[in-house]
Amino acid sequence: METGQFVQQLAKRDGASDGSVLRANVGRITVTRAASQAFFRVLKEDFGFDHCSLISAVDNQTGFELVYHFSIIDMEGQMLEVHVELPRDTPTIDSITHLWGGADWHEREAYDLMGIYFIGHPDLKRVLLPDGFAGHPLRKDYVYEIHEEEW
Amino acid sequence: MSRQQVHGNPRLRKGLGSRTSDSATVMEDPPSGDWLTLRSDQFLKWVDEAVYNVAEKTGIRDVVNRVTRPIFNWGLRYSPWPLHFGIMCCALEMGAAGGPDHDTERMGVVYRSSPRQCDVLIVNGPVCEKLRPKLKTLYEQMADPKWVIAMGECAIGGGPYWDSYSVVAGADTFIPVDVYIPGCPVRPEALMHGFLTLQKKIREQEPGYFLRR
């Protein structure tokens, strides 16, 4: 199946919009937070995206944006970007660790550095920073005093 | 014999000493004259009383020190075994210095993998907050005498990450550093010069090693 067909079919689903093809083999789609869990399940089970390559968190000041990159191991180069917008005051989304086990540490990293809370994650704790670190340092509004924090 | 009591012959459990929490089984200290039966803290105290103080008082310690110091010092400064511990890019230069081109092994720099066998800790990269307690543990696990080399800008003062939220501003904020080697990254020649500087420091500053204090 071509990337354009992938994206067209996926964009028809509830909550999905802005389906486009960025370049050869790379599609892009935007999903609402409420529809994301059903969307991801379909993505894995019906479309065969069996590898969660990357989860990026973007701080857009007005809100957060999660960018998931999924790929298919048997189809080399096939990639799908899924963008999910999150509100600033409640940056939560359902975890996808039960679908892709590899998303575990990606989600922990997004929680650690950007403060995105993944509901249903089995072990949501810091992965890069020491336990007890105050705040999430990659947020734009993170203010730190140089080497004076106690943890 | 009730169930609460210690199984076996309680006399054979003497070696546990005051480590046991049960006050009934805590034994008294062993006789102070018999050093074979002492615990480590008691042994140090015994050495103080029986050997160090006597040797100091009679002046024997000073005599032996003067005789043995050149030998011990020579052995120390030509075998500064560093810990094989790499943090970031300076670790590659450390590897290059140990390789055949520069061959620091001719100066006695043999990399060991256990801190118990090492004299020198090379901090060769930025120390992040999560690494700091581990690095301090490594330093404390090394046996005396020990030295620390801060290799590169990151280990000296944090380098380009000095104001980061997770990088410690210099290794000397938590362990004593003997030799600072500037560079980003440090060239292998500079690391060799650092080891030669350490040799010089050992030759000039280290005391004798007979009953060292």
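The values are calculated or read from the model by the stated rules, or taken from the named source; none is laboratory data. No experiment lies behind these values; they were computed from the predicted model shown. Reconstructed Cβ throughout: ideal geometry from the backbone, glycine too, with neighbour counts over all protein chains shown.
So for segment A:18-41 (the condition being modelled with pLDDT of 90 or more, of a type in the set (Phe, Trp, Tyr) and not in a loop (DSSP other than H, G, I, E, B)), does at least one residue qualify? Yes, segment A:18-41 contains at least one residue that is modelled with pLDDT of 90 or more, of a type in the set (Phe, Trp, Tyr) and not in a loop (DSSP other than H, G, I, E, B).
Conditions (1) out of contact with any strand residue (DSSP E or B) (no Cβ under 7 Å at 6 or more places or on another chain); (2) more than 17 Å from B:Arg77 (Cβ to Cβ); (3) in contact (Cβ under 8 Å) with a residue 12 or more places away in the chain; (4) assigned to a loop (DSSP other than H, G, I, E, B), marked per residue:
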{"site": "B:His102", "(1), (2), (3), (4)": "yes, yes, yes, yes"}
{"site": "B:Val109", "(1), (2), (3), (4)": "no, no, yes, yes"}
{"site": "B:Ile122", "(1), (2), (3), (4)": "no, no, yes, no"}
{"site": "B:Pro133", "(1), (2), (3), (4)": "yes, yes, no, no"}
{"site": "B:Val177", "(1), (2), (3), (4)": "no, yes, yes, yes"}
{"site": "B:His193", "(1), (2), (3), (4)": "yes, no, yes, no"}
{"site": "B:Arg203", "(1), (2), (3), (4)": "yes, no, yes, no"}
{"site": "B:Tyr209", "(1), (2), (3), (4)": "yes, no, yes, yes"}
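On the stretch given as segment B:85-96, residues that are surrounded by 17 or more Cβ atoms within 10 Å (Cβ to Cβ) and within 20 Å of B:Lys146 (Cβ to Cβ) total 5. Picking from residues in segment B:144-171 that are at pLDDT below 90 and within 20 Å of B:Gln199 (Cα to Cα), the one that is surrounded by the most Cβ atoms within 10 Å (Cβ to Cβ) is B:Pro145.
A quick yes/no check of all residues on (1) small (Gly, Ala, Ser); (2) surrounded by 14 or more Cβ atoms within 10 Å (Cβ to Cβ); (3) over 16 Å from the mean Cα position of the chain (by Cα); (4) farther than 12 Å from A:Met79 by Cα:
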| residue | (1), (2), (3), (4) |
| --- | --- |
| A:Thr3 | no, yes, yes, no |
| A:Phe6 | no, yes, yes, no |
| A:Ala11 | yes, yes, yes, yes |
| A:Ala24 | yes, no, yes, no |
| A:Gly27 | yes, yes, no, no |
| A:Ser36 | yes, yes, no, yes |
| A:Arg41 | no, no, no, yes |
| A:Phe49 | no, yes, no, no |
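Close Cβ contacts (under 7 Å, 6 or more residues apart or on different chains) running from residues in segment B:68-88 that are free of Cβ contacts under 8 Å to residues at least 60 places away in the same chain and aromatic (Phe, Trp, Tyr) to residues that are surrounded by 15 or more Cβ atoms within 10 Å (Cβ to Cβ) and assigned to a loop (DSSP other than H, G, I, E, B) comprise B:Trp81/B:Val110; B:Trp81/B:Cys118; B:Trp81/B:Asp119. Annotation: A:Asp46 fulfils all but one of (1) in contact with a Gly (Cβ under 8 Å, 6 or more places away or on another chain); (2) without any contact (Cβ under 8 Å) to a residue 40 or more places away in the chain; (3) charged (D, E, K, R); (4) more than 29 Å from A:Tyr144 (Cβ to Cβ); the unmet one is (1). Within segment A:86-102, being more than 11 Å from A:Phe118 (Cα to Cα) and among the hydrophobic types (A, V, I, L, M, F, W, C) holds for A:Leu86, A:Leu99, A:Trp100.
Annotation note: Cβ proximity below 9 Å between a residue of segment A:125-151 that is at positive phi and a residue that is assigned to a loop (DSSP other than H, G, I, E, B) and at pLDDT below 80 (sequence gap 6+ or interchain) occurs for A:Gly132/A:Glu150; A:Gly132/A:Trp151; A:Gly135/A:Tyr144; A:Gly135/A:Glu149. Of the residues making up segment B:70-90, just one is of a type in the set (Gly, Ala, Ser) and assigned to a helix (DSSP H, G or I), namely B:Gly75.
Residues in segment B:123-135 that are under 12 Å from B:Ile175 (Cβ atoms) and away from chain A (no Cβ under 14 Å): B:Val123 alone.
Here's the yes/no breakdown for (1) within 13 Å of A:Tyr68 (Cβ to Cβ); (2) away from chain B (no Cβ under 14 Å); (3) among the acidic types (Asp, Glu); (4) more than 18 Å from the chain's Cα centre (by Cα):
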residue: A:Asp89; (1), (2), (3), (4): no, yes, yes, no
residue: A:Thr92; (1), (2), (3), (4): no, yes, no, no
residue: A:Ser95; (1), (2), (3), (4): yes, yes, no, no
residue: A:Glu107; (1), (2), (3), (4): yes, yes, yes, no
residue: A:Ile116; (1), (2), (3), (4): yes, yes, no, no
residue: A:Ile119; (1), (2), (3), (4): no, yes, no, no
residue: A:Pro122; (1), (2), (3), (4): no, yes, no, no
residue: A:Pro130; (1), (2), (3), (4): no, no, no, yes
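Yes or no, residue by residue, for (1) out of contact with any helix residue (DSSP H, G or I) (no Cβ under 6 Å at 6 or more places or on another chain); (2) surrounded by 18 or more Cβ atoms within 10 Å (Cβ to Cβ); (3) within 30 Å of A:Ala24 (Cβ to Cβ):
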{"residue": "A:Val58", "(1), (2), (3)": "yes, no, yes"}
{"residue": "A:Ser71", "(1), (2), (3)": "yes, yes, yes"}
{"residue": "A:Leu80", "(1), (2), (3)": "yes, yes, yes"}
{"residue": "A:Val84", "(1), (2), (3)": "no, yes, yes"}
{"residue": "A:Arg108", "(1), (2), (3)": "yes, yes, no"}
{"residue": "A:Leu113", "(1), (2), (3)": "yes, yes, no"}
{"residue": "A:Val127", "(1), (2), (3)": "no, no, no"}
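For segment B:179-191, the set of residues classified as assigned to a helix (DSSP H, G or I) and closer than 10 Å to B:Ile149 by Cα consists of B:Leu191 only.
Inside segment B:116-168, can you point out the residues that are among the hydroxyl-bearing types (Ser, Thr, Tyr) and within 21 Å of B:Tyr209 (Cβ to Cβ)?
First, the residues of segment B:116-168 that are among the hydroxyl-bearing types (Ser, Thr, Tyr): B:137, B:139, B:161, B:164-166.
Once the filter is applied, which keeps residues that are among the hydroxyl-bearing types (Ser, Thr, Tyr) and within 21 Å of B:Tyr209 (Cβ to Cβ), segment B:116-168 yields only B:Tyr139.
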